[in-house]
Structure formats: C-alpha cells, structure tokens
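The values are calculated or read from the model by the stated rules, or taken from the named source; none is laboratory data. Since the model is a prediction, treat every value here as computed from it, not as a measurement. Cβ placement follows ideal geometry from the backbone for every residue including glycine, while neighbour counts extend to all protein chains displayed. Side chains are part of the model used for accessible areas, which takes the heavy atoms of the whole protein and leaves out ligands, DNA and RNA. Shrake-Rupley method; radii C 1.70, N 1.55, O 1.52, S 1.80 Å.
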Amino acid sequence: DAGVYSKAWYAATCDRKTAEDALYRSNKDGSFLIRKSSGQDSRQPYTLVVFYNRRVYNIPIRFIESTGQYALGREKSGEERFDSVAEIVENHQRTSLVLIDSQNNTKDSTKLKHIVRVS
C-alpha cells in the first residue's frame, strides 16, 4: 500500500481520459488527482495528473524496488524519493512541482492545491 487508498485525491478506477476531463472541468491551476497508471507495470503503478495553465500533465510515479520508495517522472540523478505516494502529495502541497512540457520543451511549476474528485 502506497498510502493512497483512503485519500480524497486518489481516483482508483479512473482512466486517463476521465482524469483529464475532470481536471479541465475544474479549470484551476494546481488541481490534481492520482490515478492508477494505464499500463499495469509494477515499476510505475500510479500517475499524478496536474492541471496548470489550461493544460493537463500526466506525471508517472515510479516505484523503486531496491529501496521500496517512490519518485516522480523519469529516473534522474539526485531525484527526490519518497516512502509513500501520500508523501509526494504532501511535499508538493508545500513545495512547487516542476512541470515539463516535452512537446514545447518548456518548464512551469505549481503546487498541488485543489483536489479533484472524479464523479
């Protein structure tokens, strides 16, 4: 258990499109939820979905088997690692999360501010 099941921001059965639609409807920078990743891969069990500047970002949450920890995005040196997915959320409610737009090669950042519930 990554500390997700009892959390308001965890949308267990939600697919990518449903999550994105819910965030577009919220239309608030910093809106977010966490869903199960589309591919059933134990090394990338969840996806953090964030709305910012009229865009939705799907950020993979990786599970690092060697340490039993979680990290965001692609593996990089000096990355932040967390003991649970809940810790990632709590951290980025306090400190900004960098959002990388791979198509336009731009960077933005926002905190996780508004929990979006998928109906």
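Excluding the sites themselves, what is the longest stretch of the chain that contains no GluC sites (Glu not before Pro) in a DSSP loop with at most 14 other C-beta atoms within 10 Å? Formally, the longest exposed-site-free interval is 1-64.
Over the C-alpha atoms of the chain, the Rg to Rh ratio, Rh being the Kirkwood estimate, stands at 0.93. Between S66 and N105, the simple spin-label model (points 7 angstrom out along Cα→Cβ) gives 3.1 nm.
With contributions of -39500 (n - 2.57) from each DSSP H run of at least four residues, the per-residue ellipticity at 222 nm computed over the chain stands at -5500 deg cm²/dmol. The heavy atoms of L112 offer some 10 square angstrom of accessible surface to a 1.4 angstrom probe. Using the Karplus relation 6.51 cos²θ - 1.76 cosθ + 1.60 with θ = phi - 60°, the per-residue 3J(HN,Hα) values for region 29-42 come to 4, x, 5, 7, 7, 10, 10, 5, 5, 4, x, 7, 10, 5 Hz, with x marking Gly and Pro.
You can think of it this way: the chain between K36 and Y5 has 10.0 nm of extra reach, that is 0.36 nm per residue less the Cα-Cα gap.
Going by accessible surface with a 1.4 Å probe and the largest first, R74, R35 read R74, R35.
What the chain shows is 59 Å² of accessible area per residue, with the surface traced by a 1.4 Å probe over protein heavy atoms. Computed with every protein chain present, the accessible area of V4 is close to 0 Å² [probe 1.4 Å]. Within the accessible area of the chain, what % is carbon and sulfur when the probe is 1.4 Å and the other protein chains stay in place? Percent of accessible area from carbon and sulfur atoms in the chain: 42. In the structure shown, the pairs K28/K107; K76/K113; K7/K111; K76/K107; K7/K113; K28/K111 are assessed against 21 Å; a Cα-Cα span above that value is assigned to K76/K113.
Any idea what diffusion coefficient region 55-119 gets from Stokes-Einstein, in µm²/s, Kirkwood Rh on alpha carbon pairs, 4 °C, 1.567 mPa s? In µm²/s, the coefficient is 99. Spherically averaged projected area of the convex hull of Cα atoms, region 1-70: 4.7 nm².
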